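Peer 1: Quick one: this structure, given as structure tokens, is what I'll be asking you about.
Derivation of every value follows stated rules applied to the coordinates shown; laboratory data play no part. The structure presented is a predicted model; accordingly, all values stated were derived computationally and were not measured. Backbone-built Cβ (ideal geometry, glycine too); neighbour counts: all protein chains shown.
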Amino acid sequence: MLVPAIVAVLLTLVGLRDLWQPLHSIQRNYPIIGHIRWFAELVRPELRQYLIEADEEAAPFSRAQRSLVYQRAKGLAGEHPFGTLLDVYRRGYEFIGHSTCPVPAADPETFRIKIGGEQCSKPYSASVFNISAMSFGSLSANAIRALNKGAKLGNFSHDTGEGSISPYHREHGGDIVWEVASGYFGCRDAEGRFDPDKFRIQAAAEQVRMIEIKLSQGAKPGHGGILPAAKVTQEIAETRGVPMGQDCISPPRHSAFSTPLELMAFITQLRTLSGGKPVGFKLCIGHPWEFMAIVKAMLASGVYPDFIVVDGAEGGTGAAPVEFSDHIGVPMREGLLFVHNVLTGAGIRDRIRLGAAGRIVSAFDIASVLAIGADWANAARGFMFALGCVQSLSCNTNRCPTGVATQDAVRQRAIDVPDKAERVRLFHANTLRALSDMLAAAGIAHPSDVGPHHLVRRVSATEVKQFSQLHTFLEPGVLLDGRCEDGFYNRNWELARAEAF
């Protein structure tokens with residue numbers, strides 16, 4: 001009798017509290033049972049993901065996409081029984097045309113490109129599929145270890161993100177693309193300005209293969225960031241070169257340059273300080289005339305970046321304001337096509353390599369960006385899935401259930417580095433194997449041969465069009481000699497000035 005009595009007393013106290021508390025109207029009108037609503041909200045994401053969500057419903061990645069990564073990361077067979085589950089007659093469905101005379105599948109080890117132009121003395125042979133920018137601080141130490149070891153095992157690159165090069169990036173010696181952002185973490189002075197001497201020391205490491213200047217991030221373009229003082233651990237402070245006990249500020253814009261011409265001078269400076277390694281920049285396209293201004297600065301100065309990575313507004317982050325992630329920035333495909341066209345129209349596309357990042361997980365995703373101008377693709381969340389991420393949408397809480405996006409030492413113990421590094425390697429290898437098989441069926445021997453005429457999109461219930469029919473592709477040099485007939489490109493080219501963004 002004692003237990004029911006205790007339960008009755010506790011429920012009575014909860015009910016009385018509910019009746020008198022001023023914050024929640026439902027609990028005032030429905031004491032005790034009103035708590036069911038809060039419990040349902042608490043478990044809603046899990047119930048939706050595991051019981052209700054359709055296989056192709058993206059939020060932001062579908063169950064089918066996640067399952068594909070898990071299978072390839074574990075080396076499991078990827079056969080599809082009983083035919084496709086996709087509605088091939090829905091608007092937006094995409095496919096690649098196959099050839100009547102397929103070619104033998106190429107060795108994915110040959111799917112590499114040279115990055116580094118005439119002004120670069122240490123070019124890099126990069127895979128066509130690499131790990132996109134994710135910082136130590138956003139990801140756990142074990143996640144960084146596993147990603148970098150997987151990159152080492154699979155011979156592809158690992159972008160550091162703007163949080164600089166941590167000790168965990170260095171442990172296994174995988175190729176690094178060092179991202180230098182507006183906070184200049186790892187190469188800053190006491191006032192947060194760029195420090196050439198610190199940069200030179202870091203960039204001299206053999207493991208650092210390329211330098212990437214971050215102009216903007218797809219998930220929150222034009223927005224800086226703050227890592228609260230409470231989250232600045234001793235490790236993060238040492239890695240980023242910031243003091244303990246203070247907020248770690250990432251400004252929304254660079255202090256080392258303020259015009260396109262100054263950006264070109266900064267590229268030259270970093271290339272010199274790094275000993276001739278490839279230097280480029282990453283951005284999410286915003287105002288079109290601003291990117292065109294950068295291209296005009298290239299032409300005026302004679303300085304060309306070795307590469308450009310186009311990030312899409314669909315890109316991910318641990319946390320971003322809703323309006324920024326939902327309504328600011330150009331989606332990756334439109335941004336990539338625009339950059340490809342401007343470089344082509346300015347007659348300099350052959351000088352600069354293009355990478356693309358934004359919701360890429362499959363071989364078809366890679367082919368679709370290659371078809372509209374990319375030379376290679378980067379993925380962030382795809383490799384997080386390979387580590388075991390379950391898309392719990394708790395990246396900003398420090399309570400990631402799989403230990404990927406947390407600094408909690410107990411939670412990150414869930415990541416067994418050797419096992420997860422092998423899964424990272426397998427995901428990369430099996431994705432490129434799938435790409436090789438798919439391209440072979442289309443009669444294509446190498447990713448560099450993929451063109452917009454190879455891919456097709458359904459535009460209505462009764463019509464499909466090749467990408468070459470859907471999109472505008474400028475001819476080389478038309479922006480320079482006045483032959484461009486596209487009003488959008490002409491108007492924005494006229495607005496662009498090398499002297500100002």
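Peer 1: Given SER392, PHE39, VAL180, which one lies farthest toward the positive end of the charge dipole of the chain, if we put +1 on the Cβ of every Lys and Arg and -1 on the Cβ of every Asp and Glu?
Peer 2: Toward the positive end, the furthest listed residue is PHE39.
Peer 1: Quick one: which residues, 5+ away or cross-chain, put their amide H under 5 Å from the amide H of GLY222? H built at 1.01 Å from N.
Peer 2: GLN217
Peer 1: Rg and Dmax in Å for region 359-416, alpha carbons only: what are they?
Peer 2: 14.5, 44
Peer 1: Which cross-chain or sequence-distant (5 or more) residues have an amide H under 5 Å from the amide H of VAL464, H modelled 1.01 Å from N in plane?
Peer 2: Amide H neighbours of VAL464, under 5 Å, 5+ apart: VAL459.
Peer 1: Given H placed 1.01 Å from N in the peptide plane, which residues other than close sequence neighbours of ILE213 have an amide H under 5 Å from its amide H?
Peer 2: Residues meeting the amide H criterion: VAL180, GLY280, PHE281, LYS282.
Peer 1: Along region 404-410, what does the Karplus equation 6.51 cos²θ - 1.76 cosθ + 1.60 (θ = phi - 60°) give for ³J(HN,Hα), rounded to whole Hz, x for Gly and Pro?
Peer 2: Karplus values, whole Hz, x for Gly and Pro: 7, 10, 7, 10, 6, 4, 6.
Peer 1: Further, regarding this structure: Mean 1/r over all different Cα pairs, inverted: what Kirkwood radius does region 1-148 give, in Å? Can you show the working numbers first?
Peer 2: On the way: mean 1/r = 0.0439 Å⁻¹.
Taking every pair of different Cα atoms in region 1-148, averaging 1/r and inverting gives 22.8 Å.
Peer 1: Based on DSSP, what percent of beta bridges with both residues in region 216-358 are antiparallel, to the nearest 5?
Peer 2: Expressed as a percentage, antiparallel bridges in region 216-358 total about 25.
Peer 1: Using just the Cα positions, wrap region 259-305 in a convex hull and report its mean projected area in square nanometres, one decimal place.
Peer 2: Averaging across all directions leaves 3.2 nm² for the Cα convex hull.
Peer 1: Sticking with this one: Among DSSP beta bridges whose residues both lie in the chain, state the antiparallel percentage, nearest 5. Don't skip to the end; give the middle numbers.
Peer 2: Numbers: 16 of 45 bridges.
Roughly 35 percent of the DSSP beta bridges within the chain come out antiparallel.
Peer 1: Using +1 at the Cβ of each Lys and Arg and -1 at the Cβ of each Asp and Glu in the chain, identify which of ILE444, LEU270, LEU474 lies farthest towards the dipole's positive end.
Peer 2: Sorting the options by dipole projection puts first LEU270.
Peer 1: May I ask you to evaluate 6.51 cos²θ - 1.76 cosθ + 1.60, the Karplus curve with θ = phi - 60°, for each residue of region 387-396 and list the ³J(HN,Hα) values in order in whole Hz, giving x for glycine and proline?
Peer 2: Going residue by residue, I get 6, x, 3, 10, 6, 7, 6, 10, 4, 8 Hz, with x marking Gly and Pro.
Peer 1: Here is a follow-up. Using only DSSP helix segments of four residues or longer, with each worth -39500 (n - 2.57), what per-residue ellipticity at 222 nm results for the chain after dividing by its residue count and rounding to 500?
Peer 2: Working: 18 runs with 186 residues, N = 501.
Rounded to the nearest 500, the figure is -11000 deg cm²/dmol.
Peer 1: Hey, another quick one. With just the Cα atoms of region 146-258, tell me how far they stretch along each of the three principal axes, in Å, largest first.
Peer 2: Between the extreme Cα coordinates on each principal axis of region 146-258 lie 37, 31, 31 Å.
Peer 1: For region 380-495, state what percent of all Cα-Cα pairs lands in each successive 5 Å bin, counting from 0 Å until the bin that includes the largest distance.
Peer 2: 2, 9, 11, 11, 9, 10, 10, 12, 12, 8, 4, 1, 0
Peer 1: Dipole of the chain, Cα-centred, from +1 at each Lys and Arg C-beta and -1 at each Asp and Glu C-beta, to the nearest 20 debye? Please report the intermediate quantities before stating the final value.
Peer 2: Working: 51 positive and 51 negative charges, 156 e Å.
Computed about the Cα centre, the dipole is about 740 debye.
Peer 1: Mean Kyte-Doolittle of at least -0.5 plus a Cα span of 30 Å or more along the axis: flag which DSSP H helices in the chain meet both, please.
Peer 2: Span-like helices, by this rule, are 417-441.
Peer 1: Then there is this: On the first, second and third principal axes, largest extent first, how far apart are the outermost C-alpha atoms of region 63-153 in Å?
Peer 2: So the extents along the principal axes, rounded to whole Å, are 48, 37, 28.
Peer 1: Starting from the Cα gyration tensor of region 285-349, multiply each eigenvalue by 5, take the square root, and state the resulting semi-axes largest first in whole Å. Write down the numbers at each step before the final one.
Peer 2: Working: eigenvalues 135, 25, 22 Å².
Sorted largest first and rounded, they come to 26, 11, 11 Å.
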